[in-house]
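One structure below.
The values are calculated or read from the model by the stated rules, or taken from the named source; none is laboratory data. Since the model is a prediction, treat every value here as computed from it, not as a measurement. FYI the Cβ positions are ideal-geometry reconstructions off the backbone, even for glycines, and counts take in every protein chain you see. For accessibility, only protein heavy atoms count, side chains too; no ligands or nucleic acids. Shrake-Rupley method; radii C 1.70, N 1.55, O 1.52, S 1.80 Å.
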Amino acid sequence: MDTEELIRTVPTELFLGGDWVTAENGATFPVHDPATGDTLTEVADASPADAVRALDAAVAAQHEWAATAPRERGELLRSVFARITERAEDFALLMTLEMGKALPESRAETKYGAEFFRWFAEEAVRISGRYTHAPAGNGRILVTKQPVGPCLAITPWNFPLAMGTRKIGPALAAGCTILMKPASETPLTMLLLAQLFAEAGLPKGVLSVLPTSRAGAVTGPLIDDPRLRKLTFTGSTEVGRTLSERAGKAMLRTSMELGGNAPFLVFDDADLDAAVEGALAAKLRNGGEACTAANRFHVANPVREEFVKKLTERMGQYRLGPGTDPGTTLGPLINAGQRETVGTLVQDAVAAGASVRLGGDVPDGRGWFYPATVLDGVTADARILREEVFGPVAAVTGFDTEQEAIDAANATEYGLAAYIYTQSLDRALRVSEALESGMVGVNRGVISDVAAPFGGVKASGLGREGGSEGIEEYLETKYIALQ
Ligand SMILES: NC(=O)c1ccc[n+]([C@@H]2O[C@H](COP(=O)([O-])OP(=O)(O)OC[C@H]3O[C@@H](n4cnc5c(N)ncnc54)[C@H](O)[C@@H]3O)[C@@H](O)[C@H]2O)c1
Ligand SMILES: O=CCCC(=O)O
């Protein structure tokens with residue numbers, strides 16, 4: 001489909017337990033194109049009452065969905081996987097329109113996002129328990145897994161499809177019903193996904209998609225409602241903390257996939273060309289708007305200048321422009337606020353002594369564009385070393401010893417992803433073990449994989465998504481004592 005047809009045909013109503021409905025009082029809110037700032041379309045704006053109706057539907061469907069054969073649950077996911085794959089170009093275009101990223105990035109996300117359904121379709125039939133004897137010989141122990149129950153998912157704008165499918169996939173596979181609240185910047189992708197679920201024969205109540213411009217007001221009463229059993233959140237650490245507090249009071253199961261500040265360590269024995277290619281992937285995947293994005297490049301002083309030169313040359317080849325233009329490799333940022341944040345962090349680093357090797361200037365004209373930027377000699381007091389930049393800015397700093405590199409890498413409240421480039425296996429393992437992060441890439445700049453447990457430590461969150469760990473987040477363990 002072309003842009004016009006896609007925007008005309010994409011659903012814009014609430015998907016409430018399988019029915020398309022207008023929001024209370026017919027309320028809507030606008031969705032913007034980050035490449036122009038123009039309104040793409042208006043979407044139904046869920047109210048707290050709409051959300052409670054969706055929870056009513058989820059609660060009513062929970063028992064039957066949990067009792068549905070695992071194979072049947074898996075087959076529903078497999079069918080939606082196939083449908084996304086058939087409509088891959090529509091998903092890619094839609095994500096580029098509402099989120100801004102270049103089309104090749106959106107195509108990659110479509111594939112990645114769909115794969116969570118294929119993966120969890122296969123996991124649905126592998127939920128297992130155990131049967132054993134008590135050590136004293138006086139009884140038997142049966143351990144079984146049951147779905148947690150109705151879930152609420154809240155997702156960010158940066159991966160409009162994958163951050164949703166990584167939650168919906170395991171929830172449905174485990175036998176949980178789920179309410180999805182997408183980011184207000186990017187609700188369309190989840191609404192299109194809901195349409196595919198409806199076409200695939202999703203039973204009533206199992207999934208709702210609730211776009212809203214009032215995230216706190218709409219999700220708060222759901223979290224407080226004792227019928228909800230789990231909150232799964234992906235987004236900033238700040239919002240994650242607030243939600244965790246509220247969910248703690250309600251004693252909900254929670255998964256928190258939060259912010260990152262990934263270090264990228266280049267040792268003097270690294271293959272520098274490979275390190276530069278890895279750095280490009282770790283930095284510019286998704287235009288730098290990824291929680292896994294390398295934020296800080298700690299490079300061994302003897303190879304630093306060569307690394308910076310090569311990185312500058314390669315980042316300089318990225319073409320900034322509307323994500324829909326053929327040839328664009330770097331789209332706009334999500335909105336004016338995000339561009340302001342990126343610009344402020346760059347200016348702060350420069351004021352503290354960093355030199356600008358590439359970019360750093362906001363282009364004139366419409367849209368929220370920010371160029372690929374390389375800063376060298378970033379000093380320890382620069383905010384960019386501590387705060388997630390979420391943009392196409394590489395901040396480089398040097399180190400002399402391995403211990404110095406590890407200490408610098410760990411000097412952050414975050415602990416999501418980290419990257420190491422070295423040709424020594426000993427060093428790779430030693431440093432990986434010493435890094436305070438949930439995930440480490442060794443000689444590779446992209447680590448995300450549906451089959452691997454994704455998640456962080458420290459302020460980057462709790463729990464894991466994907467892999468065989470992902471479905472466990474939606475299962476309760478029940479112990480049955482037998483004679
Ligand atoms: N660890 C991960 O897997 C992962 C993945 C993607 C993004 N992120 C993080 O997400 C952040 C960027 O995304 P963002 O700007 O959308 O984050 P955000 O925290 O501002 O918003 C995330 C979601 O929370 C909702 N929200 C905001 N305030 C809320 C409230 N008071 N109550 C309930 N919901 C609320 C938003 O509407 C959105 O749907 C970055 O920090 C990034 O690192 C983490
Ligand atoms: O933005 C962070 C999540 C990205 C991913 O799953 O690779």
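Values computed for the structure shown
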{"read-out": "Kirkwood Rh, Cα atoms: Rg over Rh of segment 126-183", "value": "1.26"}
{"read-out": "Per-peptide average of other Cβ atoms within 10 Å, ordering 240-252, 391-403 highest first", "value": "391-403, 240-252"}
{"read-out": "Per-residue HN-Hα couplings for segment 184-191 [Karplus 6.51, -1.76, 1.60; θ = phi - 60°; Hz; x = Gly/Pro]", "value": "5, 6, 9, x, 5, 4, 5, 5"}
{"read-out": "Most to least packed among 184-194, 353-363 [average Cβ atoms within 10 Å]", "value": "184-194, 353-363"}
{"read-out": "Surrounding net charge for residue 158, when Lys and Arg each add one and Asp and Glu each subtract one, Cβ distance under 15 Å", "value": "-2"}
{"read-out": "Protection-proxy order for peptides 413-426, 286-299, each taking the mean of Cβ atoms within 10 Å per residue, highest first", "value": "286-299, 413-426"}
{"read-out": "Volume of the Cα convex hull of segment 1-49, divided per residue and given in Å³", "value": "93"}
{"read-out": "Relative contact order (%) - criterion: Cα under 8 Å, at least six apart; region: segment 262-442", "value": "29"}
{"read-out": "Mean separation of Cα contacts under 8 Å (6+ apart) over length of the chain, as relative contact order %", "value": "18"}
{"read-out": "Among 237, 29, 351 the positive-end extreme of the charge dipole of the chain (Cβ point charges)", "value": "237"}
{"read-out": "Percent accessible area from carbon and sulfur atoms, the chain, protein chains only, probe 1.4 Å", "value": "50"}
{"read-out": "Accessible area per residue in Å² at 1.4 Å probe, computed on segment 262-442", "value": "38"}
{"read-out": "Pairwise centroid distance, computed over Cα atoms, of segment 207-262 with segment 176-190, Å", "value": "13"}
{"read-out": "Segment 404-483, relative contact order in percent, only Cα pairs under 8 angstrom and at least six apart counted", "value": "26"}
{"read-out": "Taking all pairs of distinct alpha-carbon atoms in the chain, Kirkwood radius in angstrom", "value": "23.2"}
{"read-out": "For segment 262-442, share of DSSP beta bridges that run antiparallel, in % to the nearest 5", "value": "10"}
{"read-out": "Acute angle (nearest 10 degrees) that the helix 215-224 long axis makes with the longest principal axis of the chain, alpha-carbon atoms", "value": "50"}
{"read-out": "Distance between segment 386-437 and segment 25-71 - C-alpha centres, whole angstrom", "value": "39"}
{"read-out": "Alpha carbon convex hull of segment 262-442, projected area averaged over orientations, nm²", "value": "9.6"}
{"read-out": "DSSP-defined beta bridges in the chain - what % are antiparallel, rounded to 5", "value": "40"}
{"read-out": "Three-way shape call for segment 1-126 based on the alpha-carbon gyration tensor, with the a/c threshold at 1.5", "value": "oblate"}
{"read-out": "Distant alpha-carbon pairs in segment 376-458 (separation over 19 angstrom), percent", "value": "42"}
{"read-out": "Among 57, 219, 450 the positive-end extreme of the charge dipole of the chain (Cβ point charges)", "value": "57"}
